[in-house]
Structure formats: structure tokens, C-alpha cells
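The values are calculated or read from the model by the stated rules, or taken from the named source; none is laboratory data. Worth saying up front: this structure is predicted, and the values here are computed from it rather than measured. Neighbour counts run over all protein chains shown; Cβ positions are idealised from the backbone, glycine included.
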Amino acid sequence: MKIGLQGRLFFSHLVVMLVGLASFIVISRATSHHLFSGHLDEMGQAIGEIREEVLEGFETAWSGSTTWSLILGSLTAAGLSYWVAHRITRPLAQMERIARQFAAGGLTERVPTSEIPELARLGASFNRMALSLQDVEHQRRELIGDLTHELRTPLTIVRGYLEEMAEHQLPLSPDTARLLVLETRRLERLVNDLQELSVAEAGQVPLNLRAIALPPLIEKLLLRFESQIADGGPQLRWQCDDAIAPVLADRDRLEQILVNLLSNAIQHTRQGHITLTVWESGPEVWIAVVDTGTGMTSQELPYVFDRFWRSSRTTANFPYGTGIGLAITKRLVELQGGRIEVESTLSQGSIFRFCLPKG
């Protein structure tokens, strides 16, 4: 029969205590008679006649007391061993039971605090792992729900037109073809963004960090975007000292971050201006994209970098976005050792700023 951890701890403690008790008895047995006999010899003739009777009485008393000591000591050792073994294994048994619940999908129960410091630390680590798993499970469910919602619209449109054409044997008109192409491109963008986001969140984006001078990069990007802005649209401008310190970053990923932020600013700014500002602050370089666009409410700001989140104004004006670009941007900034912040006022504009370490 296989003995559990509590049984092994019990027997190990019991054996240690019994060995100690047996050692005491053996040593006492080997020395007590000799010592007592020597003590009688020192008493001289006064006890000589009853010496043997005294020794026999001592032996009888010693045997009786030793027997009771052995019985009581064994019972005490067994009780103490059981208590210690139970005190150690009870938190471990709770962890095992809760781990089985985790495997079955239940992530709500937590390990109580133990009086043993080592087990208390283990329980705290176990509870932190449980919180992490619960958060991952929550994000997974949210992602599945959001992804289902995002995929449903283009797939419904494509299927509806194809079923209508097949049922009534209608030819593919140019307008229908353009609409189907737009929806399939929307699906393609969604799949590509999801793949990039999953790689970024897993921290598996290959980075070639090196010192990058910002003025040439910014000038090149603004020239690229100026050609995409219609007449009467926002004006692009930038403020960056030529002597600004370089940043330690991956050039392609830094360009991707700026493209995402500038594209987002252009989408939400029909008139006014968009300014890209760079400044130094201690060991960091800050880059801000400031627009005079539609802005956001204070209630919307906490969700700006969430996957698939899009404000109602964005959805109405740009129905083909995926809502993943800013989530990717945030993760790319963090992977390069920086952080990103946002400020916004409804109908006045937004400020997206991020920092990177100096190169």
C-alpha cells in the first residue's frame, strides 16, 4: 500500500522521537546500575547487609518507571508527530485540491494563509498564479467575443451578397464587386493585425535596438503623410531640435509606432493641425503626436489601448478599422523599454505621447 506524504512525515517524526527515547533508555540502563552501585559502596558498611535488596529494589523501580516512560513517551511522540505532519500537509492538500479545481476550470478559490512562513510564501505565490490565470482566462474570453463580433459583420455581408446572387442568378456588378473586395480586405487586415498583436503580446517580436536619430526619420514620415491628406485637411508640422539625443530603438518598429499614431490622428482630425513634438527628459526622449481633432471623453480614455475598442464616433466615420492598432502600438513601445500615455478632451483634440530610452 502506498503511503501518502502525511503518513511518511508521521512515521519519520515518530521514528526520530522513538530512537531518541530508546537511546536514552539504553544509555540509562547501561550506566544507572553502575552509578548507583558505586554510590552504595561509598556508604560503606552501614548498607552492606542490605546492599543486594537495595539494588533489586532499584532495578524493579527503574524497570517500572522505564516502562511507563516508554509508553507515555511513545504516545506523546505519536501525537506530536501526527500534529506536525498534519500541520505541514494540510496546506499542501488544499493546494492540490484547488489545483484540481483549476484544471476543471474553476479559478475563484484561493489558498488560505498558513502559519508556517515557507508554506505561507508558497500559498501567496500560488494565489498570485491563480489571479494571473484568471486574468488570462478573462482576456481569452473577451478576445473570443470581440473577435467573433469583428468577424461576423464582414462575413455576413459577403455571404448575404453571394447568396443573393446565387439564388437569383444575378451577375456580379462593379459596385457589388467593390463592396466584396472592401469586406475581404477588412478581414485580411483583421487577421494580419491579430497575428501581429499575438506576437507582440507574447514578447516574440524580433528587435534590432540601436541608436536612431529622430529628425531625419520624422521628416521622412511627415513627407509621406502629407501626400495622403486631402486639400483643406489638417496641417502637419513638427518640433524637434536637430541636437536632440538619439533613441535606443528598433527603426522599423519605431516607424510603425509613429505611423499608427499619425494615421490615428489624421482619421480624427478633419481640420486644424497635427504636431509631432520631441523633447528630452532625463534618461528618456519623449515623442508626442498632438491633434486638434474630435477628441475623447474622460470615460473613454481607460479603454483606448484595449483590443478591438473603438469609440462610437470612430465606428461611424471609419467602419473598416480593426481597433487593434493602438494595442499593438502600446505593446511595441513597452517591448523597447518605454511607456505610452494619452490625454484627450472631447471636440478639442488628443495627445498621444510615448518615451524611449536615449541611445
THR108 is checked against (1) modelled with pLDDT of 75 or more; (2) surrounded by 13 or more Cβ atoms within 10 Å (Cβ to Cβ); (3) not acidic (Asp, Glu) and fails just one. What number does that condition carry? (2)
Can you tell me which of VAL181, VAL199 is part of a helix (DSSP H, G or I) and at pLDDT 85 or above? VAL181
Quick one: how many residues across region 295-318 are at pLDDT 80 or above and either charged (D, E, K, R) or not assigned by TED's automatic domain parsing to the domain that holds GLY272 (or both)? 2
Just checking, does region 232-243 include any residue being in contact (Cβ under 8 Å) with a residue 40 or more places away in the chain, touching a His at 6+ places or on another chain (Cβ under 6 Å) and over 17 Å from CYS355 (Cβ atoms)? yes
Could you please let me know if PRO154 is surrounded by 11 or more Cβ atoms within 10 Å (Cβ to Cβ) and not polar (S, T, N, Q)? yes
Those residues of region 203-224 which are in a helix (DSSP H, G or I), loosely packed, with under 15 Cβ neighbours inside 10 Å and touching a helix residue (DSSP H, G or I) at 6+ places or on another chain (Cβ under 9 Å), in sequence order: LYS220, ARG224
Here's a check for you: in region 161-202, which residue that is among the small types (Gly, Ala, Ser) and surrounded by 10 or more Cβ atoms within 10 Å (Cβ to Cβ) is farthest from the chain's Cα centre (by Cα)? SER173
In region 186-221, anything charged (D, E, K, R) and touching a residue at least 40 places away in the same chain (Cβ under 8 Å) is listed as ARG186, ARG189, ASP193, GLU196, GLU201, ARG210
If you check VAL259 against the conditions, is it surrounded by fewer than 18 Cβ atoms within 10 Å (Cβ to Cβ), among the β-branched types (Val, Ile, Thr) and either part of a helix (DSSP H, G or I) or out of contact with any His (no Cβ under 7 Å at 6 or more places or on another chain) (or both)? yes
In this structure, is ARG87 over 30 Å from VAL136 (Cβ atoms), modelled with pLDDT under 65 and among the basic types (Lys, Arg)? no
From the residues in region 203-222 that are over 30 Å from ALA243 (Cβ atoms) and not β-branched (Val, Ile, Thr), which one is nearest to the chain's Cα centre (by Cα)? GLY203
Give the residues of region 145-177 that are free of Cβ contacts under 8 Å to residues at least 60 places away in the same chain and under 19 Å from TRP309 (Cα atoms), sorted by residue number. GLY145, THR148, LEU151, ARG152, THR153, PRO154
Please specify each residue of region 99-124 satisfying the condition of being hydrophobic (A, V, I, L, M, F, W, C) and under 19 Å from the mean Cα position of the chain (by Cα). ALA99, PHE102, ALA103, LEU107, VAL111, LEU122, ALA124
Restricting the search to region 132-144, which residues are without any contact (Cβ under 8 Å) to a residue 40 or more places away in the chain and either surrounded by 12 or more Cβ atoms within 10 Å (Cβ to Cβ) or of a type in the set (Lys, Arg) (or both)? LEU133, GLN134, GLU137, GLN139, ARG140, ARG141
Out of curiosity, is SER227 loosely packed, with under 12 Cβ neighbours inside 10 Å, among the hydroxyl-bearing types (Ser, Thr, Tyr) and not assigned by TED's automatic domain parsing to the domain that holds ASP291? no
